[in-house]
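One structure is given below, encoded as structure tokens.
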Amino acid sequence: MKKWVRNLLGLPENFGTEGMTVDPLDDLVAVFERNVAISALPALIDALDPDPTTVSLSDTALGFDANVFLRLADDNQSALVVDYLTGVHKAPLVLPGQAIQEFWNNQTEAIPTVSKKLGNSFDSLKKAVNGIDDEFEQIEKIENLLDEFKTEHGAVYDEATVKKTASVLQNLRERAVVPFCPRAPFNDLVAHRNKTKTPPGFKDSGDGDFFVWADLLYGLKSLQHQGTGFSRLVFVTNDTKKDWSREGIAHPILAAEANALLDVSFETWTLKQLVKAVEAETT
């Protein structure tokens, strides 16, 4: 609501709708602090007996975890997915700022280095040779050479993989938003959430997953304040720990928080599910 309208009507500065304010951060804190009611029981019932969604992919805001866009470039349907996301999809695409940080931190675990690829090939060779002659003397020499290579060039990535990953990220840059919510307001809150096992993040030692979630919601609430509409939120992640989902069903507290803040439904998908949805949307 415009400031002059609030003044004309004699309304307070933070007046919004349904308990929300005109500040996305205030809205987010209100939900996280439970100053705004969340529909936990209905979300639990829906999680136990989910109904098939009727919301189209084009009306679905998509958020991406680091473990997804780390692997997207290597997926055999990468081109199809990226073309859809950057050229067809209408609803928001969000790469949470915390996920960008974790991309770099976790890159070596998801994108194979040259030494890792050589190591995998060597393991296959060793297994095949041992099936013929388990005393083949050259195997130990090859192992030593690979160890030397890893020490000197362990952080060198396969050039083709680097180029594909950079291309995917460059294309997503044209469409995606990368929100960072302020960190200070959540210092005490995140500790309390971890102690009470409030998702996400209570299965990890750090606060990274919480801030991925907070950045995602903050970014989408900011877009709503700017007039952007969507009817469903899907967070695409290959993290299957129960602080995000259980057997593919999003944790009901996450669904309740997303609904309270954004007034939309919430689901978690794997990269494989996203690929399947894009294929269905484009064929």
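Electrostatic bookkeeping for residue 202 treats Lys and Arg as +1 and Asp and Glu as -1; over the other residues with beta carbon under 10 Å from its beta carbon, the sum is +3. For region 238-263, the residues whose backbone nitrogen is under 19 Å from a point 7 Å from the Cα of residue 280, taken along Cα to Cβ, are 238, 246-250.
The accessible area of residue 89, taken with all protein chains in place and a 1.4 Å probe, comes to roughly 10 Å².
Take the cross-link list 90/272; 164/197; 221/242; 195/276; 221/272; 197/221 and give me the ones stretching past 30 Å between alpha-carbons. Pairs exceeding the cut-off: 164/197; 195/276. Between residue 197 and residue 80, residue separation times 0.36 nm minus the direct Cα-Cα distance comes to 38.3 nm.
In the context of the full protein assembly, residue 41 retains an accessible surface of approximately 110 Å², using a probe radius of 1.4 Å and ignoring ligands and nucleic acids. The residues packed around residue 192, meaning those with a beta-carbon under 13 Å from its beta-carbon, carry a net charge of +1 if Lys and Arg are +1 and Asp and Glu are -1. Taking the protein heavy atoms of region 205-283 in the context of the full set of protein chains, the accessible area attributed to carbon and sulfur is 46 percent at 1.4 Å.
Would you please classify the overall shape of region 186-283 from the alpha carbon gyration tensor, given that a ≥ b ≥ c denote the square roots of the eigenvalues, rounded means a/c under 1.5, and beyond that prolate means a/b larger than b/c while oblate covers the rest? Judged from the Cα gyration tensor, region 186-283 comes out oblate (a/c at least 1.5, b/c at or above a/b). Ratio of alpha-carbon Rg to the 2.2 N^0.38 Å globular estimate for region 240-280, to two decimals, please. Dividing the Cα Rg of region 240-280 by 2.2 N^0.38 Å gives 1.27.
The values are calculated or read from the model by the stated rules, or taken from the named source; none is laboratory data. Quick caveat: nothing in here was measured; it's all calculated off a predicted structure. Neighbour counts run over all protein chains shown; Cβ positions are idealised from the backbone, glycine included. We work out accessible area using only protein heavy atoms, side chains counted, and drop any ligands, DNA or RNA first. Shrake-Rupley method; radii C 1.70, N 1.55, O 1.52, S 1.80 Å.
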